[in-house]
1. From GLY73, GLY144, GLY129, which residue is more than 15 Å from ASP193 (Cα to Cα) and either of a type in the set (S, T, N, Q) or assigned by TED's automatic domain parsing to the domain that holds ASP268 (or both)?
2. Does VAL143 meet the test of being in contact with a Ser or Thr (Cβ under 8 Å, 6 or more places away or on another chain), at pLDDT 95 or above, aliphatic (A, V, I, L, M) and crowded, with 20+ Cβ neighbours inside 10 Å?
3. Looking for something buried (at least 22 other Cβ atoms within 10 Å of the Cβ), on the phi > 0 side of the Ramachandran plot, in contact (Cβ under 8 Å) with a residue 12 or more places away in the chain and not in a helix (DSSP H, G or I) - is there at least one such residue anywhere in the stretch 42-64?
4. From the residues in the stretch 21-41 that are of a type in the set (Gly, Ala, Ser) and in a helix (DSSP H, G or I), which one is nearest to HIS298 (Cα to Cα)?
5. Taking the stretch 259-309 as the search range and keeping residues that are basic (Lys, Arg) and closer than 16 Å to ASN69 by Cα, which one is modelled with the lowest pLDDT?
6. For ALA156, which of the numbered conditions (1) without any contact (Cβ under 8 Å) to a residue 24 or more places away in the chain; (2) on the phi > 0 side of the Ramachandran plot; (3) crowded, with 21+ Cβ neighbours inside 10 Å; (4) not polar (S, T, N, Q) fails to hold?
7. Any idea which residue in the stretch 95-135 is farthest from LYS293 (Cα to Cα), counting only those that are part of a helix (DSSP H, G or I) and among the acidic types (Asp, Glu)?
8. I want to confirm something. Restricting to the stretch 129-140 and keeping residues that are in contact (Cβ under 8 Å) with a residue 24 or more places away in the chain and over 19 Å from ALA189 (Cβ atoms), which single residue is surrounded by the most Cβ atoms within 10 Å (Cβ to Cβ)?
Amino acid sequence: MTIEILQTHKLLDTCEKALAERYTVHKLHEQSDKAAWLAESGTRIRAVAGGNVDAALLDKLPKLEIIANFGVGYDTIDTKAAKARNVRVTNTPDVLNDAVAETALALMIGLARKLPHADRYIREGKWEGGNFPFVQELRGKTVGILGLGRIGKEIAARAQAFKMRVVYHGRHRQPTEPHVYYESLEDMARYSDWLVLVAPGGKETEGIVSRAVLEALGPDGYLVNVGRGSLVDEPAMIDLLQSGQLGGAGLDVFADEPRVPQSLRDLDNVVLTPHYASATQTTRDAMGALVVKNLEKHFAGEPLISAVV
């Protein structure tokens, strides 16, 4: 019999096609009455493709064996509840490292050189009235990275290519890494010109970039977030950006996306992108393929490619 799987949200067309060729796919996000559908059909589901799986949903899928998450971050999945039910969880690491690192550097360059502002300056016909004000450069500056994992290391390598000094903060010092490690995030922010966030979301890291950390970064410091919006005390960040106590911010993620506060959108010292750091066709196709490969490995009884639980 064909294996029945549950797709919890829209996936890439290439991923959806590959899933449909191998399994009977039910799309939860397209059900008008999700609760009724789960009550009737949840017992047949052996796998989930996608995210947004909490304990309540797990309770409705008693035969679930695996959750193949689309994305490297899996904070939308209750991994503790999954582990308690002996449900495996996979993600899609590595294939998006370069794309996210490129976006981080793009936000840094956009802020330092004021690229969006310079573009508007020409479009609005202001150049004829005088030259654009001087801008900043990355060379010689210190970038503090919160989360020196796979993506963090790619950001560090690119920052060094721009002749920047790299320091980092994380749960543990990494003895084989040449960069200076700070045990205190606030201390690292104080001695950094740039603070780049690429840590995972979840309760453990929620609000880790507090007002105190942002104040330590200071009026000449810049924040770049390509991790999760939950990492930052967003109201404090907006307040400090408005008052000039924080120099600027380049943000790809937000606390309640896609709803971005108007007060943040009105600021002139920010560069905003719509959570698209990994949104290249090449990367997203590779992420979708990894979702499918993990499911194939599981149902073939072979080791998973990228298990997190």
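1. Just one listed residue meets the conditions, GLY129.
2. The answer is yes for VAL143.
3. Yes, because at least one residue in the stretch 42-64 is buried (at least 22 other Cβ atoms within 10 Å of the Cβ), on the phi > 0 side of the Ramachandran plot, in contact (Cβ under 8 Å) with a residue 12 or more places away in the chain and not in a helix (DSSP H, G or I).
4. Applying the first criterion (of a type in the set (Gly, Ala, Ser)) to the stretch 21-41 yields 32, 35-36, 39, 41.
So of that shortlist, the ones also in a helix (DSSP H, G or I) come out as 35-36, 39, 41.
On the way: ALA35: 27, ALA36: 28, ALA39: 25, SER41: 22 Å.
Within the stretch 21-41, the match that is nearest to HIS298 (Cα to Cα) is SER41.
5. Looking at residues that are basic (Lys, Arg) and closer than 16 Å to ASN69 by Cα, I get ARG284.
6. (2)
7. GLU128
8. If we filter the stretch 129-140 for residues that are in contact (Cβ under 8 Å) with a residue 24 or more places away in the chain, which is where we start, we get 136-140.
Okay, now just the ones that are also over 19 Å from ALA189 (Cβ atoms), so 137, 139.
Details: GLU137: 12, ARG139: 9.
The residue in question is GLU137.
The values are calculated or read from the model by the stated rules, or taken from the named source; none is laboratory data. All of these numbers come straight from a predicted model, not from anything done at the bench. Note: ideal-geometry Cβ built from the backbone for every residue, glycine included; neighbour counts use all protein chains shown.
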